[in-house]
Amino acid sequence: MSPRPKPEPVQVIKQRRDAALKALVAGVPYIQFLGIAFDRRGDELTATLPFDEKLIGNPMLPALHGGVTAAFLETTAIIELSWSLLWEEMEAGRIDATLLDPLHLPRLPKTIDFTVDYLRSGLPRDAYARARVNRSGRRYASVHVEAWQDNRSRLFAQATGHFLMPARED
């Protein structure tokens with residue numbers, strides 16, 4: 001009986017996962033335009049939209065533009081959904097995370113519909129969002145997203161989206 005191979009160091013696994021997330025995010029130019037960043041803790045992602053003057057829609061209030069808020073929520077939903085699929089594939093050993101770059105990524109889900117609830121004005125400060133995949137099948141997925149600024153329990157927007165899943169290459 002051959003000896004069991006040594007497990008990989010945790011730091012190596014963490015670096016590989018962070019590199020895969022970085023490649024996924026780098027594959028969407030609009031994410032860079034808005035300045036959205038993603039923080040990974042295990043399989044959980046938190047999106048951050050750093051405040052920038054270009055994001056203001058109403059300078060009299062001032063308040064974040066509604067389109068920016070919707071784009072932030074939709075982007076968070078798509079990256080969460082894509083990350084959950086990528087995570088599953090990496091954990092199962094079907095995708096080698098070291099080979100991922102923006103040009104060699106699985107296709108992203110396509111939005112079927114996306115409904116945003118604007119609960120209060122987005123203030124001129126950093127915003128955060130987390131998405132939860134409610135259902136993810138072979139063809140369809142449903143995702144809920146919540147966004148806040150200073151207080152996680154005081155949401156300024158939330159959304160529900162339905163997505164067409166990319167065909168899996170079996």
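Checking the stated criteria, Trp87 turns out not to satisfy the condition of being at pLDDT below 95 and in contact with a strand residue (DSSP E or B) (Cβ under 9 Å, 6 or more places away or on another chain).
With the condition kept exactly as written, say whether any residue in the range 77-86 is open to solvent by 40 Å² or more (accessible area, probe 1.4 Å), acidic (Asp, Glu) and under 18 Å from Thr115 (Cβ atoms). No, every residue in the range 77-86 fails to be open to solvent by 40 Å² or more (accessible area, probe 1.4 Å), acidic (Asp, Glu) and under 18 Å from Thr115 (Cβ atoms). Scan Ser153, Ser121 and give me the residue that is open to solvent by less than 80 Å² (accessible area, probe 1.4 Å) and not aromatic (Phe, Trp, Tyr). None of the others qualify; the one that does is Ser121. Looking across the range 52-66, the residues that are open to solvent by 40 Å² or more (accessible area, probe 1.4 Å) and among the hydrophobic types (A, V, I, L, M, F, W, C) come down to Met60, Leu61.
Would you be able to tell me the number of residues in the range 135-150 that are in contact (Cβ under 8 Å) with a residue 12 or more places away in the chain and either open to solvent by 70 Å² or more (accessible area, probe 1.4 Å) or under 24 Å from Pro62 (Cβ atoms) (or both)? So that I can check it myself, show each step before the final result.
To start, the set of residues in the range 135-150 that are in contact (Cβ under 8 Å) with a residue 12 or more places away in the chain comprises 136-150.
Pick out the ones that are also either open to solvent by 70 Å² or more (accessible area, probe 1.4 Å) or under 24 Å from Pro62 (Cβ atoms) (or both) and you get 138-140, 145-150.
Qualifying residue count, the range 135-150: 9.
Just so you know, in the range 15-45 the residues that are among the hydrophobic types (A, V, I, L, M, F, W, C) and outside any helix (DSSP H, G or I) include one that is modelled with the lowest pLDDT, and it is Val28. For the range 1-51, a tally of residues being loosely packed, with under 15 Cβ neighbours inside 10 Å and among the charged types (D, E, K, R) returns 9. From the list Val116, Val68, Val12, the lone residue that is assigned to a strand (DSSP E or B), among the β-branched types (Val, Ile, Thr) and over 12 Å from the mean Cα position of the chain (by Cα) is Val116.
The values are calculated or read from the model by the stated rules, or taken from the named source; none is laboratory data. The shown structure was predicted, so the numbers you read here are calculated from the model rather than taken from an experiment. No Cβ is skipped: glycine too gets one built from the backbone with ideal geometry, and neighbour counts run over all protein chains shown. These accessible areas exclude ligands, DNA and RNA; they are computed on the full protein's heavy atoms, side chains included. Shrake-Rupley method; radii C 1.70, N 1.55, O 1.52, S 1.80 Å.
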